[in-house]
Amino acid sequence: MNIDAYSSTCQKSLSCSDESLHCDFLTESLFDERSLLTFFNDAEQRDIKSRIIRNALADHNLDGLTRLGSSNFGFVTTDLRSDCWLMLLMDQLKLSKKEEEQFLGECGKEHVDENQVYLDVKRSFTGVTDPDRKEMLRNLLQNIIVRLLRKYPKLRYYQGYHDVVSVFVTVFIEGHEYHGFAQGEENLSLSDMTSKGDENYSASEVGSNHDSSASTECYEGELSEKTIVSKDKLFRCVEAFTLLYLRDFMMNSLDFPIDQLNVIPQMIKSRDKQLFKKLHLDKIEPFFAISSILTIYSHELKPVENQPNAPIFLIFDYVISSQSMLVPLTMYSTLILDNKDKILREIALNVDNFENTVDLVHGVMQQVLTSASYDEGVWEKVLRLVRSTSSKDNASKYKKVFNKFSTILTTASGPKSSMGYNLEYVTDLLDKEINENAKRKAIQRERRLHPRESKPLVRLFLYAHNHTIPFICRVSLLIGLMALLVRAYRGGQVKALMPTAKIFMRKFQGSSIAGLYRGTKIIWLDPLHELLKGSLLSKSSTSSTVSK
Amino acid sequence: MSGLRTVSASSGTGKSYDSIMKILLIGDSGVGKSCLLVRFVDDKFNPSFITTIGIDFKIKTVDINGKKTKLQLWDTAGQERFRTITTAYYRGAMGIILVYDVTDERTFTNIRQWFKTVNEHANDDAQLLLVGNKSDMDTRTVTYEQGETLAKELGIPFVESSAKNDDNVNEIFFTLARLIQEKIDNDKLAGGANSGREGNININSGSGSTKSGCC
């Protein structure tokens, strides 16, 4: 891979007059609407900004780039955008040469979700009118996704991931003809895949899919060097973005994405209690936002070639520059807050048109988003508002909502002054998240199997876990629970409570109160500790620990 | 209890319809749920219609037995993980369309699983309908008889359709809407006969239950 080549090219292309436009004098507000630069018109500002970006790229000025990407116009042009994304993402996830090239040569094993990928890829790039171009874009999209899944088989594909990757594909392919690419991969043509996807998914079918995909890797040798380099850059970006930003979404369930969604009501509550109540956000789950969050708006705002100023690219510029997955959530709540009047009006108008509140709020939000997707001004405004408030929103405020290995709390938690992450660290986080997700599933299963026994206690506990409750209240909750357990024991109901206790223990260990629990120095917790431990270890020998 | 009811259009906003029916489309990914919907609502067909992520809805007003009926059509994502989300929208659905792809046996087998999910999450008296889509394809692996047998076993009506050729698409929605309307009318009659038993579940309780929120 010859990824560093572009920086030297950039260096050569610098003209003398550009030398003065270095990032050193950049301030946060250089490209916001109050800046002095508004003296120039938009085109002039863009021109100045592209020259500054080019210099920042040449100087490898990452700080400068993050500020440029977070301000008005983002990275301005597609060429600059792809270079900036690559430079930033390569810095955020550091790979050794070996790690980069791993799998480039070999073909990898079929990933369990490849069929879903085929189904979604053949429904991608619907806005592209030229059929050859569309076919080529889809081939590339499929190739990148399959290659990534095979390189990291623990990642699970979700519907919507293809939308995210298509943003990268659009940015990296613009200006490339890729004729050789399309021809070279004829045997992986979509019609081929599609017919296989449509028939039953027997083992032999899967096997042949595997063969045809595998042969794509081997065809790369025939592609032009420029094509390979570009495709490798694209893959490198998608790889870093997926591992650092999308891990939460790539489990085998939607639990962690739903955790993320739950931040939206909290954000609204903290800024506008009345709106929060009127939208019934205390009663309903914000599922209406799922596609926007899972796809970072790329489902609503489809990327199109040759539109470098389209909001979707500016959103990705901002997310990558700020290295924060809180941004899409802040954007969503900002969108709601900024459209408050419209939303409330629609809610009032439609109260009788929907069967229940879940439907009503969903219906109204869908309407707001649909009309916003035709209006770039809405997104410009939302981005402007988010840029100006983002410093107030930081992930630690919502710490309780996420699992502790969540992207939002780790690898996409905001700009890091540190040196970026290495692959070992990130794959370790991935393993831990998968583990957490499995634990969560086990608890849910347990709740379904023993709804009656576990309901009150588990609910109480989950409530305590999911809400920010003052320490003193938690302590009293614990004491209350202890009392319940002691009483149950005395009443000879310990056996009946066993399942509850088990769930309780599991939840307990993973929770933030765990620190409290493990702190055996805290004497007053000991009876509970012992009781729980005892009751889990042996069903009969708990007696000695409970007696005062 | 009866979840079937029409939502009255009595609010002062001048609605141009007599009732609303909430209808849900479910089934595996790629069977053509969105295509059926787009064919019915916009009379268009696009073989590569976009993936549905989460849940989407469309509205079409139709004439059912002389009544202007607003069909509220909820389209769902097929990938299994989205079930957590989509089942939250089953509540209050008066009609549920279970769709499979006649060229893909697995989507047909999975209908039983979908049926189970419906029983767990939907109102007891929701009207179901089984649809075998893509009937125009010559790569069919599920016969009409297989579809019919399954429908009989589940005790629900059955239609084969093609969104591509516009075969039976309108029939799906009109059949379902008529069946729902019949149920409503029967309920009304029954409600009149023994109003003591189900008296407090008013057929026109639109705004009342709207405010009740979720669980």
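Quick note: the coordinates plus some simple rules give every number you see, no bench work behind them. On a predicted model such as this, the values are computed, not experimentally measured, just so you know. Quick reminder, even Gly has a Cβ in these numbers, built from the backbone with ideal geometry, and neighbours come from all protein chains shown.
Each peptide in A:39-48, A:401-410, B:18-27 receives the mean, over its residues, of other Cβ atoms within 10 Å, and ordering these scores from highest gives B:18-27, A:401-410, A:39-48.
Taking amide hydrogens as placed 1.01 Å from N in the peptide plane, the amide H of B:ASP167 sits under 5 Å from those of B:SER162, each at least 5 positions away in sequence or on another chain.
Taking a Cβ cut-off of under 15 Å around A:LYS340, the surrounding Lys, Arg, Asp and Glu residues balance to a net charge of +4, with basic ones at +1 and acidic ones at -1. Each Lys or Arg adds one and each Asp or Glu takes one away; over the other residues whose Cβ falls under 14 Å from the Cβ of B:ASN65, this sums to +1. Residue order for A:HIS176, A:HIS280, fewest other beta carbons within 10 angstrom first, comes to A:HIS176, A:HIS280. With a Förster radius of 56 Å applied to the C-beta separation of B:LYS116 and A:PHE39, the computed FRET efficiency comes to 0.25.
If you take all other residues with their beta carbon under 12 Å from the beta carbon of A:ASP428, and give Lys and Arg +1 and Asp and Glu -1, the sum is 0. Working note: Karplus 6.51/-1.76/1.60 with θ = phi - 60° gives region A:313-328 the couplings 6, 5, 5, 5, 3, 5, 4, 5, 5, 8, 6, 9, 8, 6, 4, x Hz, where Gly and Pro are set to x.
Taking every residue in A:122-135 and counting other chain Cβ atoms within 10 Å of its Cβ, the average works out to 2. Reported to the nearest whole Å, the Cα centre-to-centre distance from region A:276-298 to region A:326-341 is 10.
Here, P(r) means the percent of Cα pairs in each 10 Å bin from 0 to the largest distance; for region B:19-187 it is 11, 43, 38, 8, 0.
Note on A:277-285: average number of Cβ atoms from other chains within 10 Å of each residue's Cβ is 2.
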